[in-house]
1. When the residues of region 139-151 are filtered to those that are touching a residue at least 12 places away in the same chain (Cβ under 8 Å) and under 37 Å from the mean Cα position of the chain (by Cα), which remaining residue is surrounded by the fewest Cβ atoms within 10 Å (Cβ to Cβ)?
2. Looking only at residues in region 86-129 that are of a type in the set (G, A, S) and under 19 Å from I216 (Cβ atoms), which one is modelled with the highest pLDDT?
3. Looking only at region 63-86, how many residues end up being within 25 Å of the chain's Cα centre (by Cα) and within 20 Å of F188 (Cβ to Cβ)?
4. Mind checking which residues of region 286-315 are in a helix (DSSP H, G or I) and at pLDDT 80 or above?
5. Residue check: is S37 more than 29 Å from L228 (Cα to Cα) and modelled with pLDDT of 90 or more?
6. I want to confirm something. Restricting to region 334-388 and keeping residues that are assigned to a strand (DSSP E or B) and of a type in the set (D, E, K, R), which single residue is surrounded by the fewest Cβ atoms within 10 Å (Cβ to Cβ)?
7. If you take the residues in region 152-171 that are at pLDDT 90 or above and β-branched (V, I, T), which one is nearest to the chain's Cα centre (by Cα)?
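The values are calculated or read from the model by the stated rules, or taken from the named source; none is laboratory data. All values derive from a computational prediction rather than experimental measurement. Reconstructed Cβ throughout: ideal geometry from the backbone, glycine too, with neighbour counts over all protein chains shown.
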Amino acid sequence: MIEYLYPISGLFFYRLIFMGWLIFGEGLFVFRFQKKSHFWLRAILAILACFIFAFIFPIPTSNAFYLMIMFFLMFVFTYFASMFLFDVEWKMLLFSMISGYTIEHIAYETYFSLSNFLNLNEYQNGGMYSKDTLGLFSGPVDQLIYFSSYIIIYWLMFILFANRIKGSQEFDTNSSKSNLKFLVIGTFFLITDIVISSTVSFYATIHYERIYIGIISIVIALCCLIGLFFLFEMFYGNNLKHNIEIVKEIRKEEKNQYQISKETIDLINIKCHDFRHQIRKLGKEQNINESAIENVNKLINIYDSSIKTSNNTLNVILSEKSLVCSKKGIKFSCIADGEVLNFMNEEDIYSLFGNIIDNAIEAVSNLSNDKKIITLRIKAIGNMISISEKNSFDNDIKLVNGLPKSNKNDTVHHGYGLKSIRLICEKYHGTMQINYDNNIFNITLLFIPLKES
């Protein structure tokens, strides 16, 4: 019975080799994801479990249907093993694991085609999929082509695809229709991979035609490559659409907030102005000493618009944020020529500086008082407009697509402040540069306003 279920053959050893390449291929796509606690211990246990699963999987037959089930269950097992290792959304993990399986398949079909064209394989005797023969390779040259094919294909696929996956990426959780379509296509792609590969390989053990099998292998590898391009472009297209929709929604909220803030700041300024005159009048009538009146005026000034520029919109956002800074004990220094911003519309100015200052406030809020400093400079340099903000920080900055990753707990809108800044910058044909050194963060925007004809 044992000999029937586990015959010592090429297929007996190939299960373990396949599992090793599968783990390696999937690892290229998932290694950047957030790792769970005690990761390396978990990794050792997970990899060991995967190889044990492959080793104990019975092989009573080598027909195509049974091989499909075997390879599919191996993939499923590695998927759940990866869930044990990484703290990542299941859909993002599935996408990455399907990609990993696909590059293993491309590498195998590349080797298979070369081996057939060079007449090196043993498929007339069953080869790797045989349960009746022991050999895996026909000789050293066949082995060299096998390992070279895998190494080269894995390296190329890492450059083209795996390197594009970042640990912070996730699916658009608000678009169930888009997710369902993507997952159905991805699952279909995986199953097609397994079915075609198993069928062709099994066919080769029964009716071996060297050139025909080699050509079919090349076609399969190219189809997998095209399919992988399609999956990635669809994934990143959906992500881009999702990001744009979120930024638009945030901009809409900021526009409404601007109108509210403008009215509020104007009302505060009017009330403070009237209150200041009433205090002075009351002081004279009640014979209150001048120093007491001055102290009251200082308290009023906290709520008065303390930053005045020649741009009313800039005044609103700077007044609003200066109140926040005052409340948090942050020293906010601003030197601004508001007139140079006249080329921007009001909503863009409010959004741009609101996000810049909000990010700075977030960075310095938990620092010691002597480091709670934000400086903002807005000026013209020749025909260019320069906007520069500096603040201290104490956390490690991780870049995601060229932008620092946000530390906010808001998992829906995290990171979109800087994306909004970049979009506004691009809208006005400007450039954005981010530097951080010696715990000083600096964002600089440069614009060349287009002259009105």
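1. I145
2. Residues of region 86-129 of a type in the set (G, A, S): 96, 99-100, 107, 113, 115, 126-127.
Going one step further and asking which of them are under 19 Å from I216 (Cβ atoms), we end up with 107, 113, 115, 126-127.
On the way: A107: 93, S113: 86, S115: 84, G126: 45, G127: 51.
In this case the residue turns out to be A107.
3. Taking region 63-86 as the starting set, the residues that turn out to be within 25 Å of the chain's Cα centre (by Cα) are 75-76, 78-86.
Then drop every residue that is not within 20 Å of F188 (Cβ to Cβ), which leaves 75-76, 78-79.
Looking only at that region, the number is 4.
4. Correct list: N312, T313, L314, N315.
5. yes
6. Here the answer is K379.
7. Residue satisfying both the conditions and the ranking: I159.
Condition check ((1) free of Cβ contacts under 8 Å to residues at least 40 places away in the same chain; (2) touching a Ser or Thr at 6+ places or on another chain (Cβ under 7 Å); (3) surrounded by 17 or more Cβ atoms within 10 Å (Cβ to Cβ); (4) not assigned by TED's automatic domain parsing to the domain that holds I8) across all residues:
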residue	(1), (2), (3), (4)
I44	yes, no, no, no
A54	yes, no, yes, no
F71	no, yes, yes, no
A81	yes, no, yes, no
F84	no, no, no, no
